[in-house]
1. Would you mind computing, in nm to one decimal, how far apart the modelled labels at GLU54 and LEU69 are, each placed 7 Å from Cα along Cα→Cβ?
2. Please identify the chymotrypsin sites (Phe, Trp or Tyr not before Pro) of the range 44-134 that satisfy two criteria: DSSP loop assignment and at most 14 other Cβ atoms within 10 Å. Which are they?
3. What full-extension length gain, to one decimal in nm, is calculated for CYS130 and SER95 as 0.36 nm per residue of separation minus the Cα-Cα distance?
4. Using the count of nearby Cβ atoms within 10 Å as a rough guide to exposure, how do ILE98, ILE77, ILE111 rank from fewest to most?
Amino acid sequence: MKQLSVLLLLLCAGQVWAESEKLGSPGYEKWKKECSSCHVAYPPHMLSSENWQELMGRLDRHFNSNAMLDAKDNRHILDFLKRFAGSGERYSSASLRISDTPWFVREHRVISEKEWKLPAVKTRSNCSACHGKVVLGD
């Protein structure tokens, strides 16, 4: 029992350290401010490093919008996103849409097409419709 308690304590401490490292990253505040000005600031681990690179490289046509940033802000945000990006094919999407990643599809497989079309949901990118605290970083 004592070993289990120590293991749980170490796991919690590791999670706190990882989150504090993100907060201290130079691009964190810029990412939070810039990305959440139009939509939820999607957490970096939801796409691969390569996907973030491509997405940030074409902000002039960001899903039918112009989301261009100055070069310095773009670099800080991209560095932050790449540093904490998801790894492996499950976080990669040819469309650059998080909702097309194998991870997202698997996690949401129990949701019917009818539920996705509810007026309160409307789209797969509306995370806060079901995950209310997502705007708070949950």
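What follows is calculated from the coordinates using simple rules that are stated; it is not laboratory data. None of the values given here were measured: they were computed from a predicted structure. Every residue, glycine as well, gets a Cβ built from its backbone with ideal geometry; the counts of neighbours run over all protein chains shown.
1. 2.0
2. Numbers: sites: TRP52, PHE63, PHE80, PHE84, TYR91, TRP103, PHE104, TRP116; in loops: PHE63, PHE84.
Those satisfying the criteria are PHE63.
3. Working: separation 35, 0.36 × 35 = 12.60 nm, distance 2.30 nm.
Length gained between CYS130 and SER95: 10.3 nm.
4. Values: ILE98 21, ILE77 27, ILE111 12.
By the 10 Å Cβ count, ascending, the order reads ILE111, ILE98, ILE77.
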